[in-house]
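Here's the structure, in structure tokens; my notes come after.
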Amino acid sequence: MILTAPNAQSSRSYSSTLVGVGISIGCIWVLARTVDVDQTINALRGVDPYPLGVSVALTAITVACRALRWQALLRPESRSGFWSAVEATLIGYLFIAVLPGRVGEITRAAVLGRTENVPTGRAVGTIVIEKLFDIAALLLMLGTLSLIVPLPVWARTAGISVTAVFAVLVVGFVGAASVRQRLVAWAEARIDPLPVLRRVRPSRIADELLRAASSLSSGKLLAVQVSASTVLWLLAICQVYLGTLAFHLETGWDAATFVLVATNLGMTIPSAPASLGVYHGITVLALDVFNVSAPIALGLAVGLHALGFGTLSLAGALCLVRGLLLGRFAIVDLWKWRA
């Protein structure tokens, strides 16, 4: 059964997009006014390409780890081929890079639903759990860093705020999953009959979303998720560290970890596609803690951002074209909700 996804083009979504673009423009304006762009250009010209090449190679392993983790999250009720999970993940990255609001997460769920017949609601539910694992890993790294490095006030404040929101989300999701049947029955009786929502059937969507937590009850599947999460975040730290080597910085693994944590948590701030401006501003702030000059830090941010989003977007575009040519999915499937 195919349901059309709810229309996201409401006045609220437009307002959120405008706010995000405004924040990105503001960040870019501040950076242009406060950072010596000529020094940044010189830093980019003097970059060592070899560490960046190794970083690109690690990107492939990171994507593979994300695909394996997603496969584990989909079980035991749904299964996905490894290539299908990789393909959907990369196409999702492409749409995250070119569209605001991280709609690429919904796109990758829709692509997997078309290629592997996985209910979109369940796929989205597993993505929610993915994000919980990722935030938990970031907070663990931030907490460890706070014992080693005297973090600035803004970093501690942001960490406390994110931890509070994370705790609320975890409690809410786990609580809803524990009473899934009663919650779904209530939605089926009270919400599904509403004329506006009758075709969408929110109860079915809620059931698939909350059913995604079933994989957490399996020790084997949970071990796969934890192992894959650990490996991919260690690789991500290595990629940032390689970036610092490419720009001839004398900072260590602590600086690379702090940049990774700060940028990933900071990218939850509404911004233009690919967190343009926001990513760069946060990188400059994070490296200031380690006495790295703003022009060099901005050069590193430009390099890492272009390399990361560029590599993943190119791979996603190739997967999208290949999938369309082979008939694995159609353009309309990228916006279809499958039950």
Practice problem: Return the sequence-ordered ³J(HN,Hα) values of region 187-198 in whole Hz as given by the Karplus equation 6.51 cos²θ - 1.76 cosθ + 1.60 applied to θ = phi - 60°, using x for Gly and Pro. | Solution: 5, 5, 7, 9, 9, 4, x, 4, x, 5, 10, 4
Self-check item: Of (1) 36, 22, 21; (2) 31, 26, 18; (3) 38, 26, 20, the label for semi-axes √(5λ) of the Cα gyration tensor in Å derived from the coordinates
Solution: (1)
Exercise. Quote to one decimal, in nm, the extra length available between Leu194 and Trp253 on full extension: 0.36 nm per residue of separation minus the C-alpha distance between them.
Key: 15.8 nm
Quiz item: Once label points are set 7 Å from the Cα along Cα→Cβ at both Ser218 and Leu326, what is their separation, rounded to one decimal in nm?
Solution: 2.5
Quiz item: What order do you get for 224-236, 51-63 when each peptide is scored by the mean count of other beta carbon atoms within 10 Å, highest first?
Solution: 224-236, 51-63
Practice problem: Could you go through region 116-121 in sequence order and give the Karplus-derived ³J(HN,Hα) for each residue, using 6.51 cos²θ - 1.76 cosθ + 1.60 with θ = phi - 60°, rounded to whole Hz, and x for Gly and Pro? | Solution: 10, 6, 8, x, 4, x
Practice problem: Show the residues, 5+ positions off or on another chain, whose built amide H is closer than 5 Å to the amide H of Arg338. | Solution: Leu3, Thr120, Gly121
Quiz item: What is the dipole size for region 8-338, taken about its Cα centre, with +1 at each Lys and Arg Cβ and -1 at each Asp and Glu Cβ, in debye to the nearest 20?
Solution: 1420
Practice problem: Report the longest stretch of the chain that contains none of the GluC sites (Glu not before Pro) sitting in a DSSP loop with at most 13 other Cβ atoms within 10 Å. | Solution: 78-249
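Region 274-339: percent of C-alpha pairs farther apart than 19 Å?
Pairs farther apart than 19 Å: 53 percent.
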Quiz item: If contacts are Cα pairs under 8 angstrom and at least 6 residues apart, what is the relative contact order of the chain in percent?
Solution: 36
Self-check item: Where trypsin sites (Lys or Arg not before Pro) in DSSP loops with at most 12 other Cβ within 10 Å are excluded, longest remaining stretch of the chain
Solution: 200-339
Quiz item: Per-residue ellipticity at 222 nm for the chain, helices alone: DSSP H runs ≥ 4 residues times -39500 (n - 2.57), over residue total, nearest 500 deg cm²/dmol?
Solution: -25500 deg cm²/dmol
Quiz item: How big is the shadow of the Cα convex hull of region 166-276, averaged over all directions, in nm²?
Solution: 10.5
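Only the coordinates and a few stated rules stand behind these numbers; no lab work does. Everything quoted here is computed from the prediction, not taken from an experiment. As a convention, Cβ positions derive from the backbone with ideal geometry for all residues, glycine included, and neighbour counts pool all protein chains shown.
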